[in-house]
Amino acid sequence: MVGAFFVELLYTLIVVFCCIVIAKHTRCLYNLSFHNGIKYFGEAFVFWGLGYIVRLVYIISLLYINSMNSIVLSIIHLAFEYLLTLGGFFLVYSLIWRLLDEMTSSFLAVRFRILSLHLLALALSLVDMAINTTQLLYIVQLFALGYAGILTYDHWKTSEKKSMKDTFASLYLIALCAAFIGYLVNYIAEFFIYQFPWVRFITYIFTSSVFAIIMYGVLRIVYSTAYCERCCPYTYNKKQEKKHGKKTRKA
Amino acid sequence: MAKKRERLEVIHDILRSIMDNKNAVKPTRLLYDSNLSPQMFKEYVEELQGKGFIEQKMIDEDKRLYSLTTKGFEFLQKYKTILALIQDFGL
């Protein structure tokens, strides 16, 4: 029981840490660019991070608080499912928002779409709660990851930039495929093959690796293109340029 | 036919133009550099002022100049990062 709890705690800590790092950096870039894709992408990880925290609370409640009210437990479970489902929806939305905005980008239309995502996630979580299962959660996550994978592949394949295939985009595509396979294996193991509890452990490794890869991608972009005081053209004047030139030649 | 510029690219061009003109540029010069219609230019400049990227300085009664704020400088510094994130994740 202690071992199981330790695994759950470690898994949650890794995922939540990755989500915080991704959300923090994307938030900074959104505050500068006001780019909706960056906003929705970051929000997906905010919802996932919160979802995993609530999930840990749910597990602690199940393992250690025997006398907990079943209604409270159901509400915690509902919150966990709602947040994870919303995370999946926002990831897909970050990839298709541009297409939807081409049709109509009025303030009300955008608000309506966001509200619809929240309501759909809530409805799906309520259905899951009513039939006392997590099947819908798995199916929605599989759909979200699969669809995000197809869209990313399409973007990767049709990108005009030739060097695109050498950037993080390839690794991101692999990460999405890995997440999809991980969820699929976990779904099959949880609902159809009951005798392999270790599959859950492997899925945890898979899932946390995917979050870590995405975090690595964000950090790589942020730090590889980071502002360099010596090289930034915007702070140049001729005096500095001469100094810089001399230093480079000497080196 | 030249490809239509993305919103971010237009913002970058406007901010870059101000920077290249020693951080003080007349509206007519900025309009010329930004390569936008007067209507679109007005919308962009108002948006950039509203979001705190640029500020307007009155020199005389009828002479005004645009200059970058700290946030405007920061945008120019992080422009490549923003583009890379959008490109790599297909956002």
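Read the figures in this text as sums done on the coordinates, not as results from a lab. None of the values given here were measured: they were computed from a predicted structure. Please note: Cβ atoms are built from the backbone with ideal geometry, for glycine as well, and neighbour counts cover all protein chains shown.
Scanning segment B:63-82 for residues that are in contact (Cβ under 8 Å) with a residue 12 or more places away in the chain, within 7 Å of chain A (Cβ to nearest Cβ) and over 14 Å from B:Leu48 (Cα atoms) gives a single hit, B:Ile82.
Looking across segment B:13-60, the residues that are assigned to a helix (DSSP H, G or I) and hydrophobic (A, V, I, L, M, F, W, C) come down to B:Ile14, B:Leu15, B:Ile18, B:Met19, B:Leu30, B:Leu31, B:Met40, B:Phe41, B:Val45, B:Leu48. Counting only residues that are polar (S, T, N, Q) and either surrounded by 18 or more Cβ atoms within 10 Å (Cβ to Cβ) or in a helix (DSSP H, G or I) (or both), segment B:61-78 holds 2 of them. It is to be established whether one or more residues within segment A:104-119 are surrounded by 19 or more Cβ atoms within 10 Å (Cβ to Cβ) and within 20 Å of A:Phe47 (Cα to Cα). Checked against the condition, which is being surrounded by 19 or more Cβ atoms within 10 Å (Cβ to Cβ) and within 20 Å of A:Phe47 (Cα to Cα), segment A:104-119 yields no hits at all.
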